[in-house]
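Accompanying notes for the structure given below.
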Amino acid sequence: MHTHTHTHTPLTHTSNTRTSSLFHLNHSETPPLQPHSTPTERSVMSGPRPVVLSGPSGAGKSTLMKMLLRDYVGVFGFSVSHTTRGPRPGEVDGKDYHFSNREAMQEDIDDGKYIENAEFSGNLYGTSKSSVDDVRAKGLICILDVEIQGVKNIKETDLDPIYVSIQPPSIEILEKRLRDRNTETEESLQKRLEAARVDMELSNEPGMFDVLIINEDLEEAYEKLQSVLIEEITKVQSTKKERCNSVMSGPRPVVLSGPSGAGKSTLLKKLLKDYKGVFGFSVSHTTRDPRPGEVDGKGLFCLPMLLGATLLPLADVLSSVSSADYHFTNREAMQEDIDTGEFIETNEFSGNLYGTSKCAVQDVRAKGLICILDVDIAGVRHIKETDLDPIYVSIQPPSIEVLEERLRGRATETEEKIQSRLEAARIDMEECNEPGLFDIVIVNDDLDESYEKLQSVLKEEIMRVQEGIKS
């Protein structure tokens, strides 16, 4: 994982006047960043300490969060909130919100199962302890963006987060920022300013926050935020690297390879249909920017890295089972991880890096699922150099003539694209017979027979997963 080296800023007390410093610490009641309480003082909550970010709209919280997510890929996560309002078009239960009813949610609030909650426009909203624990269980730092009342509510729980307040230099500067957005009516702007005045006053209450950052200069404010979080960030990065470099446990993955048109996607669809809850896909990394609607690193059934001629056909066929997209990162961070051997296979396409990390595969295996990796022949050779130990399966057409007939039968390719696929297929069909490269080469002349052969070679791992589900 890409690690930023920073000098840890000593946490020393400074004047609590808003104009004299960018970095305020409240020592009068609670020492900042104190170690976790003992189990006798609080219930045991495993995983990295969460971070509570608070501050008025326009102070810069969102910008600072985006910078953290950009520079520390795979370190932070967000809990999924609960609400009693109905889902809006396109919203997914468990992804956008956990949609509930008032009676059930109020009962859980009364039972102390919520960290914070509020009512807005007649609907309840809240963050449950379990939703935060879900993030922490993945070894991620859970970010909670809450208003000042939410901070007070969290103070009454056993969550033990790092409390950070992001504040503007002055109410006048905040007003200018809000007006420059040109997204507010005069009425909503005045409401935001009034709420900000209250927030700026309460943020100085002794013991309310571990650190108060005045965001006058964005880069300085970001350095301060990094310094207060660097200890937890380093722990997450170290733990993740140790886990990924340790002996991989769980079901053996399956590497599927073969030219476009050989029938991999059809056989794979049959496996997913007949063995629900047995197979999973790793979430790949890429340096390209997210497209509208894409989710950064969430979910399990994301398409793996699909190289060369295999990219589009399988993606089209399996789009119905994909609920996540990619881990979006930057070239510097990804290249560093590639150089240190943290990727199983990588490729560059249209100026962007794509790849499958050891951690991404291990995340699937840790859930007791067989991870499917669909790669080209070069990807197979790369994986051979790792300690992954998958089952290597090549799916091949009966002949180049039959393959050409299948590709033309799709009526989706230009002549140039067909010839390009056929040339790649000739190389694939020749190299697949190299001794020791694959555990099995299945010539897909008859779909049912090919499927039986595929099931046969995977039967042992499938049975292990199914037995694990039953137990």
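The table below gives the values:
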item: For the range 86-196, diffusion coefficient by Stokes-Einstein and Kirkwood Rh (Cα), 4 °C, 1.567 mPa s, µm²/s; result: 78
item: Distance from the range 154-201 to the range 375-450 (C-alpha centre basis), Å; result: 57
item: For the range 126-220, with +1 on Lys and Arg beta carbons and -1 on Asp and Glu, the positive-most of 196, 135, 178 along the dipole; result: 135
item: Descending semi-axes in whole angstrom, ellipsoid equivalent of the range 135-269, from the Cα gyration tensor; result: 44, 23, 15
item: Listed pairs 61/191; 155/191; 95/276; 155/367; 152/176 exceeding 23 Å between Cα atoms; result: 155/191; 155/367; 152/176
item: Largest-first principal axis extents of the Cα set of the range 392-471 (Å); result: 53, 30, 19
item: Range of Cα positions in the range 312-471 per principal axis (Å), largest first; result: 44, 41, 36
item: Sequence ranges 451-458, 89-96, ranked by mean other-Cβ count within 10 angstrom, highest first; result: 451-458, 89-96
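Every read-out reported here was derived from the displayed coordinates using simple, explicitly stated rules and does not represent laboratory data. These numbers were taken from a predicted model, which means no experiment stands behind them. Note that we place each Cβ from the backbone using ideal geometry, even for glycine, and neighbour counts take in every protein chain shown.
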